[in-house]
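Heads up: the structure comes next, in structure tokens.
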Amino acid sequence: MQELRALPPGLARSLASRRPALLAASLGSCNALRRSPARTGSIAALLIGACAAVLGFPAIGAVLAWFAAHGVLTGTISAGLFALPLMRRKSRLLASTSASWLAALPVSAPLSPRALGALLRLLPLLALAGLAWAGGRIEAAAAAHLIGAAALGALAGVAVGAIVSRALGLGAPGSQYASLRRARARWAEAPSLRPLSYWPVARGRIFSRPKSLARVALLVALCLPLGTSGELALVVLAACLAAYGLVLLSLAAARVAFEAARWLAPTGVDRRRFALALEWRALLKQMVGCLLMVLLARLIGLPWAFRLGIPVCAAILLASWASTAVCCALACRRAGLGAAIRGP
Amino acid sequence: MSTASREGIGKDDAQALCVRGLRAGYDKHVVLADIDLDLQRGEWLALLGPNGTGKTTLLHCIGGILVPAAGQIWIGGRSLREDPRGAKRVLGFGCAPERLPGLLTGRQCLEVYAAAKGLAAIGAEVLELMDAFAFAPMLDRFVDSYSTGARQKLAVLLSLLGDPALVVLDEAFNGLDPASALVLKQHLRRRVSGDACAVLLATHSLDLVERYSDRAALLLEGRIARQWDQEALEALRACPEGLEAALAAASAGS
């Protein structure tokens, strides 16, 4: 309770009664820092190093000044960075609030100010600009321009993110990856296996989450030889990411085939109906993805990419279809779907 | 047993379940040995036994999820080995809640399961039970976001699709709130009383066995150690210590 005593009594009481989650998080951070002096020391060293880098490298001042001079670009980047996470922030906040150990307390933390807490991400930029100004790397006006453009962009991004989230229903309860489809009107009168096809696609989205794609992007970027033109680098990176996405969708389809076959084993569904219903949407998505890649290569005037793209896409599609068919057959066999069960 | 009488086993439509000489396990580990079990339509059989004794393995064999090493299973008069589709058509299997597809919604699960069973429509009884469970608001949520109780309700609803002759449930009352549990008990009792189906329920709840089951079987170390018929259960209901003491005695005796 030392930390609580260190706070002014009024503030501690107000935090405990109105923002218990914030108080608990602050106390937790204090405890973590106190428990591990080595960690605290390394954080302090990192901060001091960052300050030294800002003050010691003139290039940082030049970069900040460039962004300050191009206010529209800075604002747009900032808007994009704030809009994208906010589209799902509301549902995540709702989920974390309901799962919190403080959920039973008679305190209702309003959601909108908590969503606006995303704006706290501007603090590091504020600190960077302030430090660069204090170190004489940029002028006060440039620092103000930079912060102003970023803040305006962030506000616009928060607004756009909230509106898009509400309009598209991205904050709908449920999975973070699978998108909610409108139910068929006659789902009970004429049930169909069609919704089964959403499962591999959703699993594919989980596999190709940004964290996984970032690793591939990093690996591809590191493999590019020095002197590669920016245009070529972008084309290679985009093609690799798209191909990786297609491969991940195939892996997802294969994995879901086993899960779905096990789930539907007690129904005795026909093997062919099962395989078709499960995989058609994933295969269609792969085909459309391949077509788009080839067409884009043609449109941006890369004949070599166009020529190379067609056989590569055809090979990916064929391999994907073959692997999916084999996995479905194996899954059905293992789950005993549709055929006589093997005896002892 | 003569060839003629062996051929006749399990082929009776009124017999919801017939298990003969069932042996099953995982790799070299034998879990079930020489299981014989009969269940008529209009009966509710509670399967009892300590953890790890093979209750779920037995249910998985009946559900066609696990291929037995030996023995035969007939469901509604159809052999699970020779006519699996026919046998599964009259089987209602309540899968484990954690096996439900998390990336589909409850409505999609119901629709897909009904279509997989070849049903023309989802029966009114199931839709009524869904309303009685107050499950309708959950229908368009992803199963991933369901609580244990909601998953359990969905698993039960799936098992009752298509008016099955045999309903197989594994600890189906775990996680259900008392009101929903009562609704389910009454619903199953009504189905059983009308001779529409039989219920095979693996459970640890002795209260449920004493108040709702017609028969009970105790599974110990992969074998059926003891069975209680309706009269025996009636007699146990009259005793102060009831089934608990009988189970302890049977376990000690074996």
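Any read-out appearing in this document is the output of simple, stated calculations on the displayed coordinates, not a laboratory observation. Keep in mind that what you see is a predicted model, and the values were worked out from it rather than measured. Counting neighbours? That spans all protein chains shown, and the Cβs are built from the backbone with ideal geometry, glycine included.
A few notes on this one:
- Magnitude of the charge dipole, segment A:195-335, Cβ model with Lys/Arg +1 and Asp/Glu -1, debye to 20: 440 debye
- For segment A:195-335, a/c is not less than 1.5, where a ≥ b ≥ c are the root eigenvalues of the C-alpha gyration tensor, and a/b tops b/c. That puts it in the prolate class.
- Selection from A:LEU84, A:LEU146, B:PRO50, by position along the positive dipole direction of the protein assembly as shown (Cβ): A:LEU146
- Simple point charges give the picture: +1 on the Cβ of Lys and Arg, -1 on the Cβ of Asp and Glu, and for chain B a dipole about the Cα centre of about 560 debye.
- A simple spin-label model places pseudo-atoms 7 Å from Cα toward Cβ; at A:VAL236 and A:ALA134 they are separated by 4.3 nm.
- FRET efficiency estimate (nearest 0.05) - Cβ-Cβ, A:LEU46 to B:ALA238, R0 56 angstrom: 0.15
- Between A:LEU222 and A:ILE310, the contour length at 0.36 nm per residue exceeds the Cα-Cα span by 29.1 nm.
- Gaussian network model of chain B, Cα within-10 Å springs - most flexible of B:LEU220, B:LEU201, B:LEU17: B:LEU220
- The modelled label-to-label distance for the pair A:TRP66/A:ALA325, using points 7 Å beyond Cα in the direction of Cβ, is 5.3 nm.
- Using only side-chain charges placed at the Cβ, +1 for Lys and Arg and -1 for Asp and Glu, the dipole size of the protein assembly as shown relative to its Cα centre rounds to 2060 debye.
- Cα gyration tensor shape of the protein assembly as shown, rounded if a/c is under 1.5, else prolate or oblate by comparing a/b with b/c: prolate
- Dipole of the protein assembly as shown, positive end: most advanced residue of A:ALA277, A:VAL164, A:LEU237 [Cβ charges, Cα centre]: A:LEU237
- Of B:GLU171, B:GLU128, the sequence from fewest to most neighbouring Cβ atoms within 10 angstrom is B:GLU128, B:GLU171.
- Centroid-to-centroid, using Cα positions, segment B:42-86 and segment A:186-201 are 28 Å apart.
- Taking 7 Å steps out from each Cα toward its Cβ at A:PHE258 and B:LEU139 produces label points 3.4 nm apart.
- Per-pair calculated FRET efficiency, R0 = 41 Å: A:VAL288 and A:ALA25 via Cβ, rounded to 0.05: 0.40
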